[in-house]
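In what follows, a single structure is set out as structure tokens and then discussed.
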Amino acid sequence: MASAKPIGNLAECYANALAIEREAAARSAQFADYLEDHGEQEAAELFHKLARYEQQHVDEPLLRTSGRPLPTLRAWEFSWLDNAPAEQVDHEFIFHLMTPHDALKIALGAEKRAQALYEQAIASSDDPEVKRLAGELAGEELEHIAWIEEALARTPKPRCSR
């Protein structure tokens, strides 16, 4: 997979990370609320946990970059893979028939795309600080992937495929 625009410097890496994590925090909180409202407490708890961690992944870079100008990213300038945000999902239809398994699969795909973006930044950047930050962020995504994969292993698949 190729990125629309490779991450070229530390400011771009932080700007992309902030955009990814903001979307992920919002999505995780939405999924948590939806699943909780539908009596799926175990899955809801995981998404509440993910939402908290994703928000920390917003707060920490904001502190690190305080006073440092970051590029403003427009939709067509994102460095995200597949011409779509790394952790963005289509919100128009997901809640209608979503099961815990569905939510976990959506989240897993998003986390894997984010992790792949950071791996791409490591491979393509000549800046050691970009490599360091991208490595840190990729590791965090791997942790989230493991949590979601563990939850998927315990979560029944939907009876009918959609």
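Bear in mind that the values in this text are calculations on the coordinates, not laboratory data. Since we're looking at a predicted model, the values are computed, not measured. Ideal geometry is used to build each Cβ from the backbone, glycine not excepted, and the neighbour counts take in all protein chains shown.
In the set (1) surrounded by fewer than 17 Cβ atoms within 10 Å (Cβ to Cβ); (2) closer than 17 Å to GLU21 by Cβ, the condition left unmet by ASP126 is number (2). Among the residues making up region 16-74, those that are surrounded by 15 or more Cβ atoms within 10 Å (Cβ to Cβ) and of a type in the set (S, T, N, Q) are ASN16, SER28, GLN30, GLN55, THR65. When you check LEU137 against the structure, is it hydrophobic (A, V, I, L, M, F, W, C) and farther than 28 Å from GLU12 by Cα, yes or no? No.
With respect to (1) under 17 Å from the mean Cα position of the chain (by Cα); (2) of a type in the set (A, V, I, L, M, F, W, C); (3) over 20 Å from THR65 (Cβ atoms), the lone exception for LEU35 is condition (1).
Contact map, region 37-52: first residue without any contact (Cβ under 8 Å) to a residue 24 or more places away in the chain and part of a loop (DSSP other than H, G, I, E, B), second residue crowded, with 20+ Cβ neighbours inside 10 Å and small (Gly, Ala, Ser), Cβ cut-off under 9 Å, separation 6 or more or different chains; pairs are HIS38/ALA44. Would a scan of region 153-162 turn up a residue that is touching a Leu at 6+ places or on another chain (Cβ under 7 Å), small (Gly, Ala, Ser) and over 17 Å from TYR53 (Cα atoms)? No, region 153-162 has no match at all.
Scan region 137-151 and give yes if some residue there is surrounded by 14 or more Cβ atoms within 10 Å (Cβ to Cβ), free of Cβ contacts under 8 Å to residues at least 12 places away in the same chain and out of contact with any His (no Cβ under 8 Å at 6 or more places or on another chain), otherwise no. Looking through region 137-151, none of the residues is surrounded by 14 or more Cβ atoms within 10 Å (Cβ to Cβ), free of Cβ contacts under 8 Å to residues at least 12 places away in the same chain and out of contact with any His (no Cβ under 8 Å at 6 or more places or on another chain). Could you check, for region 99-106, whether at least one of its residues is outside any helix (DSSP H, G or I) and surrounded by fewer than 21 Cβ atoms within 10 Å (Cβ to Cβ)? Scanning region 99-106, I find at least one residue that is outside any helix (DSSP H, G or I) and surrounded by fewer than 21 Cβ atoms within 10 Å (Cβ to Cβ), so the answer is yes.
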